[in-house]
Structure formats: structure tokens, C-alpha cells
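> First the structure, then my questions, so here it is.
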Amino acid sequence: MELTYEEGQPIRQFLIDNSQTFEDQLLAEANTVRDKIEEIQMIGNINLLENAHKLVLFVVDEKKDEVVNFARQEGIVWAKHSLTLALKIEWIQAIRRTLWDFLYEYDKLNEKVSSREQFYNMESKINDLIDKFLNGFFINYSSFKDKLIEDQRKLVENLSAPIIPITSKISILPIIGTMDRYRVTIIEEKVLLEIGQRHIQKLIMDLSGIAEMETEVMQLFLKLLDGISMMGCEAVITGLRPDIVRNMVDLEVEFGQKFETKGSLQQALDGYLHSDDTILN
């Protein structure tokens, strides 16, 4: 390894003067990441080599706060662009190994014999800072991902119960897809809250897009209809599929008491919006 060295220069300057050699050895250490450098640059505008130099200088300068802040920035960026954690681990470990190789070469060129105490003290500081970077990176990566998942969950929940106002007193709730226990619970929370806040008097629930509804889920759905009635709102069910009707019959549901039914959403809208009894404001 051919390295540039001036007598008495600090390790920081030694690393800067030999940055190209450092990069070459780093890339040799990180086989998998080496082939992904351009891809990562394109995906997240992340310059891995530039960031490696930045981290190494923070470490040798013992700048703990800078290391922690840099870890936070890196963790968020990698999470935002869904970059692979395995690549990051390989890259940081390659940086660690390369840095130690250069520290060894620096000591040889410096011709300064370090005592065992000095060596272990340096080893503790260097590895501790790199570990702090890794820990900070993973914590921030996970936190960002958790927040993203939570935001997506809330979006899905809102889409699971999209209550659409038609007039000041009438709203529609189209339900599409599979109904399970979790979704019924979300719909119940949203529906009862919206009825109270908007003073909805008639809620048209269109089930034509329901793929299936198991007996247990149907019982929960019927309890939701009871809750709607207790809130002073009338439930109107449209688009009932034959299999769902059969299940309701098996459960001995009394149609007309829990809710009103219409053949289709269009029938319900035509009937209520053009009825003389409908209050439109």
C-alpha cells in the first residue's frame, strides 16, 4: 500500500491526503455494496464514498455529537428510500476495517510505538463512535419506518370507512373488500364519531363491494347497526348479496327493525334525494 505521509502530521490529515487509496481499499472490502454505489446514488442521492470520509473524520476527531447527528440523517434517508439494511451493515463494517488498516499504517509511518494502554484507549474510542453511529442509524431508520407504517395504517383506516356527505342530514358509507373483526372495529369508531359530530340522520351503507362476511363478523356488524340506531341515526343498507342475506336469515335478523334495505345505492339515492320528506339543508 503506497501512502503519502509527512512527518508529524495528524491522523486526520493523513486520511485526507490518502483519501483515494482509502476509497480503493474500502471498495475492495465491500464487495456487494461496490456494485450498488451508482444505484444508491440514483435512488436516494446518497454519495456513499463521500459519506464514508465524513464519518471517518468525525470518528478520528472524536466528534460524538456530529456522529450521532449524521447517524440520524443517514437513518432517515435510508428508510425514506427503503434501502437495504444489509448493505448498510456491510458498508459500515468495511469502513471500520479499512480505518483500522490505515491507523496501523499511520502508526508504522509515524514510527511511534504505542503502549498497550494507549492502544486499547484508542480502540475503545474508535469502535465506540462507530457503534454509536450504527445504533443511531438503526434507531432512526426504525423510527421513521414505524411512523410511515402508522401513517399508512391511519390512511387505510380512513379509506376503510369513507363517509361521504350527500346533504346536511344524509351520508353514504361505501364498504369495499373483505370485512374482518379489525375493520368492523375501525368502521364502528369512525361511524359513531361522524354521526355525533355531523348530526347525520340517515346513513346509507352500501355493501355491494363486500367480498365476504363471516358469521362472527356479521354479528359485530349488526351490533354496529344497533349503535347507529342508539345515536338517533337511521341505517339504510344497500347492495346486499344473496349469501350475506342467507347468513342474516340464519341469525334470525329482523329486517326493518335494525335497518332499512334498498336494492341498490342508486335506488336509495333516487328515493331519498327526491322525496318530499327529505330535508336538504
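The values are calculated or read from the model by the stated rules, or taken from the named source; none is laboratory data. Predicted model, so just to flag it, every value in this text is computed and none were measured. Don't worry about glycine lacking a Cβ; one is built from the backbone with ideal geometry, like all the others, and counts go over all protein chains shown. Quick note on the areas: whole protein, heavy atoms, side chains included, nothing else; ligands and nucleic acids left out. Shrake-Rupley method; radii C 1.70, N 1.55, O 1.52, S 1.80 Å.
> Only one of (1) modelled with pLDDT of 90 or more; (2) within 27 Å of residue 1 (Cβ to Cβ); (3) surrounded by 15 or more Cβ atoms within 10 Å (Cβ to Cβ) fails for residue 34. Which number is that?
Every listed condition holds for residue 34 apart from (1).
> Continuing with the same structure: Does residue 40 satisfy being open to solvent by 60 Å² or more (accessible area, probe 1.4 Å) and touching a residue at least 40 places away in the same chain (Cβ under 8 Å)?
No: the conditions fail for residue 40.
> So, of the residues in region 193-213 that are of a type in the set (Gly, Ala, Ser) and touching a Pro at 6+ places or on another chain (Cβ under 9 Å), which turns out to be surrounded by the fewest Cβ atoms within 10 Å (Cβ to Cβ)?
My answer is 209.
> Let me ask you something else. Keeping to region 214-266, report how many residues are at pLDDT 80 or above, assigned to a loop (DSSP other than H, G, I, E, B) and either open to solvent by 20 Å² or more (accessible area, probe 1.4 Å) or farther than 20 Å from residue 193 by Cβ (or both).
Number satisfying all stated conditions: 8.
> Can you name every residue in region 8-47 that is outside any helix (DSSP H, G or I) and either among the small types (Gly, Ala, Ser) or under 36 Å from the mean Cα position of the chain (by Cα) (or both)?
8, 30, 35, 36, 45, 46, 47
> Give the residue that is modelled with the highest pLDDT, with candidates limited to residues of region 138-180 that are assigned to a loop (DSSP other than H, G, I, E, B), under 30 Å from residue 212 (Cβ atoms) and open to solvent by 30 Å² or more (accessible area, probe 1.4 Å).
Per the stated criteria, the residue is 166.
> Quick check: is even one residue across region 64-85 open to solvent by 10 Å² or more (accessible area, probe 1.4 Å), among the hydrophobic types (A, V, I, L, M, F, W, C) and within 29 Å of residue 7 (Cβ to Cβ)?
Within region 64-85, not a single residue is open to solvent by 10 Å² or more (accessible area, probe 1.4 Å), among the hydrophobic types (A, V, I, L, M, F, W, C) and within 29 Å of residue 7 (Cβ to Cβ).
> Can you pull out every residue in region 52-69 that is in a helix (DSSP H, G or I) and within 19 Å of residue 11 (Cβ to Cβ)?
52, 53, 54, 55, 56, 57, 58, 59, 60, 64, 66, 67 - these are the residues of region 52-69 that are in a helix (DSSP H, G or I) and within 19 Å of residue 11 (Cβ to Cβ).
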